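S.K.: Take this structure first; my questions come after.
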Ligand SMILES: Cc1cc2nc3c(=O)[nH]c(=O)nc-3n(C[C@H](O)[C@H](O)[C@H](O)COP(=O)(O)O)c2cc1C
């Protein structure tokens, strides 16, 4: 079956409690069952999530996530068929924070380390996220 990759950006809702450890446990439980994989980057202010898997499963999950009150102003950056997974190893890897290495990965591709969801080129963003994952392995909470 086809593989679909979806990327979105959203802002943390500070009025709602967020326990990233329990969130990633939920992701692990649900995503593994559906063969969904991906990456969730959270810098304390906003999220960028990549979800890869079957088209219907990706779509259903996105709509569920979009209704989640823990974040707001969700912006769909892309949803496209792909030949191969970019993040095949993790049912959902969590990358938290913006340390010097992460900043370096972003600055390799962008003029600033702030992603503007209105203008960002998604392919370039995915390159930066891939580098970030390779270069900051100690910062990851990984769910396999
Ligand atoms: C930023 C963010 C990312 C999320 N990513 C996922 C995910 O990848 N998989 C998932 O099952 N739920 C994810 N959720 C949680 C869902 O919104 C929802 O709470 C959850 O799927 C409900 O699962 P449950 O019925 O097993 O408790 C995410 C929530 C937020 C705020």
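The values are calculated or read from the model by the stated rules, or taken from the named source; none is laboratory data. Note that this is a predicted model, so its numbers are computed, not measured. Virtual Cβ from ideal backbone geometry, glycine too; neighbours counted across all protein chains shown.
S.K.: Given the residues 53, 38, which is the only one that is more than 24 Å from residue 135 (Cα to Cα), in contact with a strand residue (DSSP E or B) (Cβ under 7 Å, 6 or more places away or on another chain) and within 12 Å of the ligand (Cβ to nearest atom)? Talk me through it step by step, then tell me what you get.
M.R.: Working: 38 fails: more than 24 Å from residue 135 (Cα to Cα).
53 is the lone residue from the list that is more than 24 Å from residue 135 (Cα to Cα), in contact with a strand residue (DSSP E or B) (Cβ under 7 Å, 6 or more places away or on another chain) and within 12 Å of the ligand (Cβ to nearest atom).
S.K.: Within segment 50-58, can one find any residue that is free of Cβ contacts under 8 Å to residues at least 40 places away in the same chain and exposed (fewer than 13 other Cβ atoms within 10 Å of the Cβ)? Full working, then the answer.
M.R.: Our first condition is that a residue be free of Cβ contacts under 8 Å to residues at least 40 places away in the same chain; within segment 50-58, this holds for 56-57.
The next check asks that each one be exposed (fewer than 13 other Cβ atoms within 10 Å of the Cβ); those that pass are 56.
Yes, segment 50-58 contains at least one residue that is free of Cβ contacts under 8 Å to residues at least 40 places away in the same chain and exposed (fewer than 13 other Cβ atoms within 10 Å of the Cβ).
S.K.: Go through segment 24-35 residue by residue and tally those that are more than 9 Å from the ligand (Cβ to nearest atom) and in contact with a strand residue (DSSP E or B) (Cβ under 9 Å, 6 or more places away or on another chain).
M.R.: So the count comes out to 1.
S.K.: With near the ligand (Cβ under 9 Å from one of its atoms) and either loosely packed, with under 11 Cβ neighbours inside 10 Å or over 13 Å from residue 5 (Cβ atoms) (or both) as the only criterion, which of 47, 106, 110 stands out? Explain how you work it out, then say what you get.
M.R.: Working: 106 fails: near the ligand (Cβ under 9 Å from one of its atoms); 110 fails: near the ligand (Cβ under 9 Å from one of its atoms).
Being near the ligand (Cβ under 9 Å from one of its atoms) and either loosely packed, with under 11 Cβ neighbours inside 10 Å or over 13 Å from residue 5 (Cβ atoms) (or both) holds for just one of 47, 106, 110, which is 47.
S.K.: Of all residues in segment 69-79, how many are touching a strand residue (DSSP E or B) at 6+ places or on another chain (Cβ under 8 Å) and within 23 Å of residue 19 (Cβ to Cβ)?
M.R.: Step one: list which residues in segment 69-79 are touching a strand residue (DSSP E or B) at 6+ places or on another chain (Cβ under 8 Å), which gives 70-79.
Filter again for within 23 Å of residue 19 (Cβ to Cβ), leaving 70-74.
The number of residues fulfilling the criteria is 5.
S.K.: Which one is farthest from the ligand (Cβ to nearest atom), of the residues in segment 80-103 that are closer than 20 Å to residue 57 by Cβ and surrounded by fewer than 16 Cβ atoms within 10 Å (Cβ to Cβ)?
M.R.: By that ranking, first place goes to 83.
S.K.: Name, by its number, the condition in (1) out of contact with any strand residue (DSSP E or B) (no Cβ under 6 Å at 6 or more places or on another chain); (2) exposed (fewer than 14 other Cβ atoms within 10 Å of the Cβ) that does not hold for residue 66.
M.R.: Condition (1) is where residue 66 drops out.
S.K.: Same structure, new question: What about residue 13, is it surrounded by 17 or more Cβ atoms within 10 Å (Cβ to Cβ), within 10 Å of the ligand (Cβ to nearest atom), under 24 Å from residue 97 (Cβ atoms) and modelled with pLDDT of 95 or more? Step through it out loud before you land on a result.
M.R.: Values: surrounded by 17 or more Cβ atoms within 10 Å (Cβ to Cβ): no; within 10 Å of the ligand (Cβ to nearest atom): yes; under 24 Å from residue 97 (Cβ atoms): yes; modelled with pLDDT of 95 or more: yes.
Here the answer is no, as residue 13 does not meet what is asked.
S.K.: Do we find that residue 21 is in contact (Cβ under 8 Å) with a residue 40 or more places away in the chain, in a helix (DSSP H, G or I) and either more than 10 Å from the ligand (Cβ to nearest atom) or over 17 Å from residue 87 (Cα atoms) (or both) in this structure? Spell out how you get there, then give the answer.
M.R.: Working: in contact (Cβ under 8 Å) with a residue 40 or more places away in the chain: yes; in a helix (DSSP H, G or I): yes; either more than 10 Å from the ligand (Cβ to nearest atom) or over 17 Å from residue 87 (Cα atoms) (or both): yes.
Yes.
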